[in-house]
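Participant: Sending over a structure as structure tokens; questions will come in a sec.
The values are calculated or read from the model by the stated rules, or taken from the named source; none is laboratory data. Bear in mind the structure is a predicted one, so any value in this text is a computation, not a measurement. Reconstructed Cβ throughout: ideal geometry from the backbone, glycine too, with neighbour counts over all protein chains shown.
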Amino acid sequence: MSIEVKNVTYTYSPKTPYAATALKGVTLCIEEGEYVGIIGKTGSGKSTFIQHLNALIRLQSGEIKVYDIDLSAKKPDLKRLRGTVGMVMQYPEYQLFDETVEKDVSYGPKNLGLDEAEIKERVREAITLVGLDYEDIRDRSPFELSGGQKRRVAIAGVIAMRPKVLVLDEPIAGLDPKGKQEILALVKKLKESFSPTVIVVSHDMDSVAENCDKIALFAEGEIARFASPREIFYDDELLAKTELDCPSVVKVSKELSRLGMSLPSMPVTKAELIAALRERRANE
């Protein structure tokens, strides 16, 4: 098991007139190797939840264990935690700060106390993994890069720490279709390389359906359901209750059913939809 969350509650500005409870008794277990989508309306608690996973927000109530690191301990090992959980925030390019790409990407590994040779190896590996030319870009200012390049450099800075868990908050926000495909392909490659567990917050239901094994649907600070994409996106009562949109594939499937052309399965990905249409045609 990668992450075990038990009864986590969090309130912003507690004991003040501005108190707002963002999480209410959240319980969730994420196994190593899973690709988990975190979805829900704005303000449902998604970002607050993921920021607990590497202690950017400290526990107020409940328990969290990341591998064998107990975040409810008096003094959790934050250095090891942040080497285990890599966090890529929304618009990560805004977090770039150093004078060269190489220095920026090396910041995390240096904080892990690694020697210079190991740091250099990790920086080269991370920059190459995100699809950039190390020799061409290492001495350039990150502020001179294109938007897509900046985002890749920011992600490289996280993966240079070789985290076991990769957490991304809206990684394709603001990107054009090509940019979205490239980032999602990169995340898949990183999962196969050294971050087996991936957790993604997203409002893009198409990308969630195409990539995630499981989905945690947040609603008003609670998990309304934790299940497969198929179980969630074909639960019409749940969708109506949480005001959740459907992926395009599911919309097509439901419209075909409404028109009297029911498919032999409940597809959530493009490949599944094509297979279902072919099967239906073969059976006609």
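Participant: What are the residues in the stretch 229-270 that are in a helix (DSSP H, G or I), among the aliphatic types (A, V, I, L, M) and closer than 17 Å to residue 213 by Cα, if any? Full working, then the answer.
Facilitator: Pass one, the stretch 229-270, residues in a helix (DSSP H, G or I): 229-233, 236-242, 248-258, 270.
Next, only the ones that are among the aliphatic types (A, V, I, L, M) stay: 232, 238-240, 249-250, 252, 256.
Selection gives 232, 249, 250.
Participant: Answer yes or no as to whether residue 267 is touching a residue at least 40 places away in the same chain (Cβ under 8 Å) and surrounded by 17 or more Cβ atoms within 10 Å (Cβ to Cβ).
Facilitator: No, not satisfied.
Participant: Within the stretch 157-172, take every residue that is hydrophobic (A, V, I, L, M, F, W, C) and under 12 Å from the mean Cα position of the chain (by Cα) and give me the one that is farthest from residue 41 (Cα to Cα). Before you say what the answer is, go through the steps one by one.
Facilitator: First, the residues of the stretch 157-172 that are hydrophobic (A, V, I, L, M, F, W, C): 158-161, 165-168, 172.
Now restrict to residues that are under 12 Å from the mean Cα position of the chain (by Cα): 165-168, 172.
Details: 165: 24, 166: 22, 167: 19, 168: 17, 172: 17 Å.
Out of the qualifying residues, it is 165.
Participant: For the stretch 1-102, which strands (runs of 3 or more DSSP E) that fit wholly inside it have 1 or more residues that are surrounded by fewer than 16 Cβ atoms within 10 Å (Cβ to Cβ) and aromatic (Phe, Trp, Tyr)?
Facilitator: 3-12
Quick grid of which residues meet (1) in contact (Cβ under 8 Å) with a residue 60 or more places away in the chain; (2) hydrophobic (A, V, I, L, M, F, W, C); (3) surrounded by 14 or more Cβ atoms within 10 Å (Cβ to Cβ):
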residue	(1), (2), (3)
199	yes, yes, yes
209	yes, yes, yes
219	yes, yes, yes
226	yes, yes, yes
247	no, no, yes
257	no, no, no
278	no, no, no
281	no, no, no
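Participant: Would you please name the residue that is farthest from residue 195 (Cα to Cα), looking only at residues in the stretch 120-131 that are surrounded by fewer than 20 Cβ atoms within 10 Å (Cβ to Cβ) and not small (Gly, Ala, Ser)?
Facilitator: Keep residues of the stretch 120-131 that are surrounded by fewer than 20 Cβ atoms within 10 Å (Cβ to Cβ), which gives 120-121, 124-125, 128-129, 131.
Within this subset, residues satisfying the condition of being not small (Gly, Ala, Ser) are 120-121, 124-125, 128-129.
On the way: 120: 20, 121: 17, 124: 17, 125: 14, 128: 16, 129: 12 Å.
This residue is 120.
Participant: Checking the structure you have, find out if any residue of the stretch 33-41 is at pLDDT 95 or above, in contact with a Phe, Trp or Tyr (Cβ under 8 Å, 6 or more places away or on another chain), within 24 Å of residue 170 (Cα to Cα) and not small (Gly, Ala, Ser).
Facilitator: Yes, the conditions are met somewhere in the stretch 33-41.
Participant: Here is a follow-up. Scanning the stretch 228-245 for residues that are crowded, with 18+ Cβ neighbours inside 10 Å and modelled with pLDDT under 95, which turns out farthest from residue 204 (Cα to Cα)? Break it down into steps so the answer makes sense when it comes.
Facilitator: If we filter the stretch 228-245 for residues that are crowded, with 18+ Cβ neighbours inside 10 Å, which is where we start, we get 229, 232-233, 242, 244.
This time we only want the ones that are modelled with pLDDT under 95, so: 242, 244.
On the way: 242: 16, 244: 11 Å.
Across the stretch 228-245, the extreme among qualifying residues is 242.
Participant: Looking at (1) free of Cβ contacts under 8 Å to residues at least 24 places away in the same chain; (2) within 16 Å of residue 154 (Cβ to Cβ); (3) of a type in the set (Lys, Arg), which is the only condition residue 74 fails?
Facilitator: (2)
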